[in-house]
Every structure is written in C-alpha cells, then in structure tokens.
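Have a look at the structure below before the remarks.
The values are calculated or read from the model by the stated rules, or taken from the named source; none is laboratory data. All values derive from a computational prediction rather than experimental measurement. All Cβ positions, even for glycine, are placed from backbone atoms using ideal geometry, and neighbour counts span all protein chains on display.
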Amino acid sequence: MSGNDAVVEGAIRAGVECYFGYPITPQNEIIAGMAARLPGLGRAFLQSESELAAISMVHGAAAAGKRAMTTSSSPGISLMQEGISYIAGTRLPVVIVNVQRGGPGLGNIAAAQGDYFQATRGGGNGDYHVIVLAPDCAQEMLDLTFQAFDLADQYRTPVMILSDGRIGQTMEPVELRDPPAKKRVEKPWALTGAKGRPGHYLCSLLLPVPELAEHNRLLQKTYREIERREPRGEAYQTADAGVVFIGYGTCARIAREATDILRDEGLKAGMFRPITLWPFPNKKLVAALPKAKALVVAEMSTGQLLQDVRLATSDKLPIEFVGYTGGEAPTVKELVAIGRKLLQKPRNGNGRKK
Amino acid sequence: MIATEKKVFARTPVLTPKMTHYCPGCGHGIVHRLVAEAIEHYGLRERMVCVAPVGCSVLAYKYIDVDMSEAAHGRAPAVATGIKRARPELFVMTYQGDGDLAAIGTAEIVHAANRGENISVIFVNNAVYGMTGGQMAPTTLLGQKTKTSPAGRAEKLEGPPIKVSEMLSTLDGPSYIARVTVNKPANIRKAKQAILTAFGRQLDGKGFSLVEVLSPCPTYWRLPPQKAAEAVENWMMKTFPLGVYKDKEAADGKRAEG
C-alpha cells in the first residue's frame, strides 16, 4: 500500500476518533481513506471548508478529550499554523501529518522537504514546539502514527508527522500490525460538560504577564523533558565509517543505498537519519560519528536540516552539502560519487572545513 | 405592617459572582445573563460547552460557569463543530462578536450554517470593533465614524454593512435565525425568547440556530448609555431590522418555544 494509505491504517489502529481535513495533493489518499473508513466505525469524519477550519475542528475535538487528527500538504499546513499555535498554547494533544510538496507558495505537487524549519521551529506565532516525526517508508507511516498519538497524549502537545510526497505515494509492503497495548492517558482536563465541578476553560489566553510567563515556563519544562527522553534516530553502518551521510525521509533512503554501494566497494561509508526532527537527536548523531572525518548532508531543501547537523556537531567536521529544491532530489549515483571522493581523499579541501 | 421579604431578583447561578469588565451601557452583560438563564432553563450547565470568541467577550469564561473552549479569531464555529462531532451528547454553543463572525470568520459561520451543524450561535452585533479600540467592523453602518473610517463608512470605499441574518437565511441548512436587541426591557424579553427557541432547536436535533443581538456600544459610538440604547432603535435597526429570518419549524407549523 502507499504511505498515505498506511497513515489511515495506523490512525484507525491507534484509535483516532475524529478526523477533519481539506483536500490537497499529494495527500488525498488519506482524506479519502478516512472518509471511506471512519463513519462505518462510528467515528467522526468531516471535510472542512478550509485548513483553517480543519485544524480548528481538530482543536475542538481534542479539547473534548478525543483522539483527533488532520492531514495536509505544505500550503495547507501553512494555513494550519494559526490553529497549531493555539493548540500548543492550550496544551492539547493532536496529530498532524504534512505530506510535503514543493514550495514556496503553491509551488508544485512533487515531493520536497522545504517545510523543515516551519515544522521544527514551531511554525506559528509564539514560543513553542511540536514533536516532529520523520518516516522514511510506508511501514513507518503506520508505526509513527501510533507513536504520534501516544506522544501527543503523554505530553499534551501537537505531534507532526513530516513526510513527503514520495513517501506518501510510493507503494510498498506494509505489515498491518496493531500498536502495542498501552494504557490510555487520562484526560481530566477535557471539556465533557461541567458535571459536579466548576467549568473548565481551555485556552492560550493569559493576559496578566506573570501568568503567561509561568505558563510558557511550563511549556518549556515539557519541551526540555521531551528533549531528554524522546530523541530518536537510526545509525546505519556508522561504527567505523569515515564518511556519514545524513538525511531524513526520502533522502535517508537514497543515503542508505549509497552507503551499501560504497560498502560493496570496500569504502567505509555510513548513514544516520534523524527520526525525530524535533527534538533533534544531537547525542545520537554525535555518538554515530566515532570515526567520521566528513559528513554529507542530503536534503530536498536548501540548507535546513544542515543547520541542525552543524549545531549538533558543533561545526567540528567538514560537511559536504547536497541540497535540491522544487521537487528535485539527490541521486544515489551522486552521493556515491561524493562518498568515493571523500573516502579516497578525505582532507583535501572539499566541503566546508573549520 | 411589615410585609414578608420576597426575593424578586437574584443572580443566575450559572453566572459567576465576578464583576464584568464591560463598559457602562454595553449589551454584553445583558446577553450573558440571557444566555445563562437559557442554560438554566434547559438544565444545560453540566452537559454543555461554550466556545468563546476573540473580542470584547473574550473573557466571557470568567462570567459564565460552564465548560469553555477558546477559538482563534473567527474559528469558533469550527471549534464548536469539532466538539459537537466528538461529543454529540453535549449542547454546544458559540458566543461571537461582529468582527469575529462577520469578517475574519465568515467562511466558518457560513459553512457551519450550511451544514446545519447542530450548534447554537449567539452573535452580538455592535457595529464596531470594541476590544481593539473602535475600528470599523463589517457591520459598521454607512456614515458611521470609527478609528479606521474617520470620515464615516463610505459605500464606495468599504461597501455597505453585512447583514448576517439575512445572508445566512438564504441557506437551506439553518433551522432558526432571528435578529433581536437588548436596548430596552420589552426587547430583552423577546431576545430571551429567541435564545430559548434557538437552544431548543439544538436540543431537538433540528440543527443550526443563530440569534443576532443588536447591542449598544456607548464607548465607541461616542454616546452616553441611554442615548446609545435609543440609537439602537433610531439608527441601527434601520439597517438591521429585527425579526425571525429563518424558521424551518414554523414553516412546518411545529414547536412554539416558551
């Protein structure tokens, strides 16, 4: 099945109770899948009048204590930033999937990764983060959807699955497993009708300065806890690697293939892919570079992931940057050529060096 | 002879004992009370959620003791839709001003109404943006001077005021739409009837209901409270006539609210 179809399966198995969305390519299989499946399961599906409305409907359903999600693609996700900021400020658990396409603006419908900064730096107004998960195959579209709902409930935060049109559209085998049995997080804060208690007010509005400051410190405390406990990444063939490719999603797959080809040639290449883009797995990345003399950052954007890699590695290693945009992507051949060049002459001035 | 004390007026228990922040002569306090009385009338307090807007009534949650959710400016009908679809057993209402509902939130209100979403909307129209300091609203009257229409709203520049009740009544979705006002006791009683009817429609599963309440804003109309109350009648109602604009049940000859 396609990665988009896997999101539908994952969400249903994770117990999504309410889905609201607005059509946009290349994620239309998700909204169509939800429309086909949810009503029969007695769960809520509604096509909204816009992405602004979709995220606000998700806001309402999450405030009512239900597992709620929406999905979209880049321009639609931009519209949702308003609601995501409110949801983060209100501390509501929701799941958002961004099947990225080319931008800026209407761009095109080809796979791209240009929304990395938007996703990992908050995206809307104010000082907040959302947890960002990056699947690299249809199976992970399913598995990370499970995790997204659990993380959202656990930390009372929006969680975004940052995919791209290629991962969303590619058909590949998926094991339709169920999420591990877990006790659902209680939601005593939810709006359920104020039976035998004072009314709850769920909001991001805190006019007195000390109250908003205190609230934001609480958010930051949660973010520090997430940074401690949740960074995820995959290191592949890195223990002895002199050159390590770094990419997420589609680029991670290209990098993995390049690594295999170089290993077949006897060259010590490795690959690291962040699975959480926020929190970025800084320590896991550094631990994957014991022998690395150079890094190759590959992305379908023009230097966004690159910044996090430079921060994580304190700019101590030379980095060869491969960035494409507008729907173009790095090729395996190109990464192999770069790897070969670096591994044969790792310190002859290629790439950036301090 | 000493008469036994008879209590003739009391605070509605659904209202909190807090003093409101509203200006003298503002209609919000009265509308809050009518909403609270309607909540009490139907016994809704423990099975409802109200969605608060952005604008002067953004602090309504401090005054009405029910479960409440915030919404981004204009998005209250979408948040209410999310709550209603998630928990259809709850009574769900929004409380919105004219900037919220008739400018930034036009898409949300039109589509909630058109879906016949089973929610109730209290739409307070005072023809001005109060919270931000008296700017032009979508419902600002022609010739009305505001901070952003200092020469008076001109049809050629800004278009005429939007008539929400009339506009939404062209849709087939809504069950009940009425325009009322709270400028004097007789009108307040009629406003309460309209709110009871609107709430009743949702409780009967009949779908979308909206009550537009013309409300004086003495502060930004630059009038003393009494004059502002009179201006609702002499000035505002000429553009926004009171009345029931949509009533699907009356068309079927059913249900009279009391």
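Would you mind listing the strands (runs of 3 or more DSSP E) fully within region B:1-98 where at least 2 residues are of a type in the set (S, T, N, Q) and surrounded by 22 or more Cβ atoms within 10 Å (Cβ to Cβ)? Please lay out each step first, then the result.
Working: elements: B:48-51, B:67-69, B:91-97.
Once the strands (runs of 3 or more DSSP E) in region B:1-98 are filtered for at least 2 residues that are of a type in the set (S, T, N, Q) and surrounded by 22 or more Cβ atoms within 10 Å (Cβ to Cβ), what remains is B:91-97.
For region A:232-254, check the following and say yes or no: at least one residue is touching a Cys at 6+ places or on another chain (Cβ under 8 Å) and within 25 Å of A:Y324 (Cα to Cα). Before the answer, list the steps.
In the first step, residues of region A:232-254 are kept if they are touching a Cys at 6+ places or on another chain (Cβ under 8 Å); the result is A:253.
Next, from what is left, pick out any that are within 25 Å of A:Y324 (Cα to Cα): A:253.
Yes, region A:232-254 has at least one match.
If you scan region B:47-93, which residues turn out to be among the hydroxyl-bearing types (S, T, Y) and facing another protein chain (nearest Cβ under 7 Å)? I'd like the intermediate steps shown before the answer.
First, the residues of region B:47-93 that are among the hydroxyl-bearing types (S, T, Y): B:57, B:61, B:63, B:69, B:81.
Result: B:Y61, B:S69, B:T81.
I want to confirm something. Restricting to region A:213-231 and keeping residues that are in contact (Cβ under 8 Å) with a residue 60 or more places away in the chain and either outside any helix (DSSP H, G or I) or of a type in the set (S, T, N, Q) (or both), which single residue is farthest from A:P281 (Cα to Cα)?
Here the residue is A:N216.
On the given criteria, is B:I109 crowded, with 24+ Cβ neighbours inside 10 Å, more than 30 Å from B:P13 (Cβ to Cβ) and not acidic (D, E)? Working first, answer last.
Working: crowded, with 24+ Cβ neighbours inside 10 Å: yes; more than 30 Å from B:P13 (Cβ to Cβ): yes; not acidic (D, E): yes.
For B:I109, the condition - crowded, with 24+ Cβ neighbours inside 10 Å, more than 30 Å from B:P13 (Cβ to Cβ) and not acidic (D, E) - is met.
Conditions (1) more than 30 Å from A:R101 (Cα to Cα); (2) in a helix (DSSP H, G or I); (3) outside the structural domain of A:G102 (by TED's automatic domain parsing), marked per residue:
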residue	(1), (2), (3)
A:G266	yes, no, yes
A:L277	no, no, yes
A:F280	no, no, yes
A:L285	no, yes, yes
A:A298	no, no, yes
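Taking region A:261-283 as the region of interest, how many residues are charged (D, E, K, R) and touching a Phe, Trp or Tyr at 6+ places or on another chain (Cβ under 8 Å)? Explain how you work it out, then say what you get.
Of the residues in region A:261-283, the ones charged (D, E, K, R) are A:263-265, A:268, A:273, A:283.
Add one more test, that the residue is touching a Phe, Trp or Tyr at 6+ places or on another chain (Cβ under 8 Å), and what stays is A:273.
Number satisfying all stated conditions: 1.
Just to be sure I understand, how many residues within region B:178-196 are in contact with a strand residue (DSSP E or B) (Cβ under 7 Å, 6 or more places away or on another chain) and either under 18 Å from B:K248 (Cβ atoms) or surrounded by fewer than 18 Cβ atoms within 10 Å (Cβ to Cβ) (or both)?
Selection size over region B:178-196: 5.
Scanning region A:1-58 for residues that are facing chain B (nearest Cβ under 8 Å) and part of a loop (DSSP other than H, G, I, E, B), which turns out farthest from A:P93 (Cα to Cα)?
A:E49
When you check A:E140 against the structure, is it more than 14 Å from every other protein chain (Cβ to nearest Cβ) and assigned to a loop (DSSP other than H, G, I, E, B), yes or no? Working first, answer last.
Values: more than 14 Å from every other protein chain (Cβ to nearest Cβ): yes; assigned to a loop (DSSP other than H, G, I, E, B): no.
So A:E140 does not fit the description; no.
Report whether or not B:R115 is more than 11 Å from chain A (Cβ to nearest Cβ) and surrounded by fewer than 24 Cβ atoms within 10 Å (Cβ to Cβ). Talk me through it step by step, then tell me what you get.
Details: more than 11 Å from chain A (Cβ to nearest Cβ): no; surrounded by fewer than 24 Cβ atoms within 10 Å (Cβ to Cβ): yes.
In short, no.
When the residues of region A:59-91 are narrowed to those that are hydroxyl-bearing (S, T, Y) and in contact (Cβ under 8 Å) with a residue 60 or more places away in the chain, which ends up farthest from the other protein chains (Cβ to nearest Cβ)?
The initial filter retains those residues of region A:59-91 that are hydroxyl-bearing (S, T, Y), namely A:70-74, A:78, A:85-86, A:90.
Narrowing the set further to residues that are in contact (Cβ under 8 Å) with a residue 60 or more places away in the chain leaves A:71, A:73, A:85-86, A:90.
Details: A:T71: 15, A:S73: 20, A:S85: 8, A:Y86: 5, A:T90: 6 Å.
Ranking the qualifying residues of region A:59-91, first place goes to A:S73.
Quick check: is even one residue across region A:178-199 closer than 27 Å to A:A119 by Cβ, within 14 Å of another protein chain (Cβ to nearest Cβ), assigned to a strand (DSSP E or B) and in contact (Cβ under 8 Å) with a residue 12 or more places away in the chain?
Within region A:178-199 (the criterion being closer than 27 Å to A:A119 by Cβ, within 14 Å of another protein chain (Cβ to nearest Cβ), assigned to a strand (DSSP E or B) and in contact (Cβ under 8 Å) with a residue 12 or more places away in the chain), the answer is no, since none of the residues qualifies.
Of B:A52, B:A60, B:A76, which residue is closer than 25 Å to A:S85 by Cα and at pLDDT 95 or above? Give the derivation first.
Numbers: B:A52 fails: at pLDDT 95 or above; B:A60 fails: at pLDDT 95 or above.
One residue alone meets the criteria, B:A76.
Mind counting the residues in region A:232-249 that are buried (at least 24 other Cβ atoms within 10 Å of the Cβ) and part of a loop (DSSP other than H, G, I, E, B)? Spell out the reasoning first.
Filtering region A:232-249 down to residues buried (at least 24 other Cβ atoms within 10 Å of the Cβ) leaves A:241, A:243-249.
Next cut, part of a loop (DSSP other than H, G, I, E, B) only: A:241, A:247-249.
Within region A:232-249, residues that are buried (at least 24 other Cβ atoms within 10 Å of the Cβ) and part of a loop (DSSP other than H, G, I, E, B) number 4.
Criterion first (surrounded by 15 or more Cβ atoms within 10 Å (Cβ to Cβ), within 29 Å of B:A76 (Cα to Cα) and more than 14 Å from chain B (Cβ to nearest Cβ)) does A:I131 satisfy it? Walk me through how you get there before you give the answer.
Details: surrounded by 15 or more Cβ atoms within 10 Å (Cβ to Cβ): yes; within 29 Å of B:A76 (Cα to Cα): yes; more than 14 Å from chain B (Cβ to nearest Cβ): yes.
Against the criterion (surrounded by 15 or more Cβ atoms within 10 Å (Cβ to Cβ), within 29 Å of B:A76 (Cα to Cα) and more than 14 Å from chain B (Cβ to nearest Cβ)), A:I131 qualifies.
Filter region B:131-176 for residues that are among the small types (G, A, S) and surrounded by 17 or more Cβ atoms within 10 Å (Cβ to Cβ); which is farthest from B:M93 (Cα to Cα)? Steps first, answer last, please.
To start, the set of residues in region B:131-176 that are among the small types (G, A, S) comprises B:133-134, B:137, B:143, B:149, B:151-152, B:154, B:159, B:165, B:169, B:173, B:175.
Okay, now just the ones that are also surrounded by 17 or more Cβ atoms within 10 Å (Cβ to Cβ), so B:134, B:137, B:149, B:165, B:169, B:173, B:175.
Working: B:G134: 26, B:A137: 23, B:S149: 32, B:S165: 17, B:S169: 19, B:G173: 17, B:S175: 15 Å.
Only one residue tops the list, namely B:S149.
How about region A:1-24: which of its residues are under 19 Å from A:L52 (Cβ atoms) and surrounded by fewer than 24 Cβ atoms within 10 Å (Cβ to Cβ)?
A:Y22, A:P23, A:I24
Among the residues that make up region A:250-264, is at least one of them out of contact with any His (no Cβ under 6 Å at 6 or more places or on another chain) and in a loop (DSSP other than H, G, I, E, B)? Full working, then the answer.
Taking region A:250-264 as the starting set, the residues that turn out to be out of contact with any His (no Cβ under 6 Å at 6 or more places or on another chain) are A:250-264.
Filter once more, so that each one left must be in a loop (DSSP other than H, G, I, E, B): none.
No - not one qualifying residue is present in region A:250-264.
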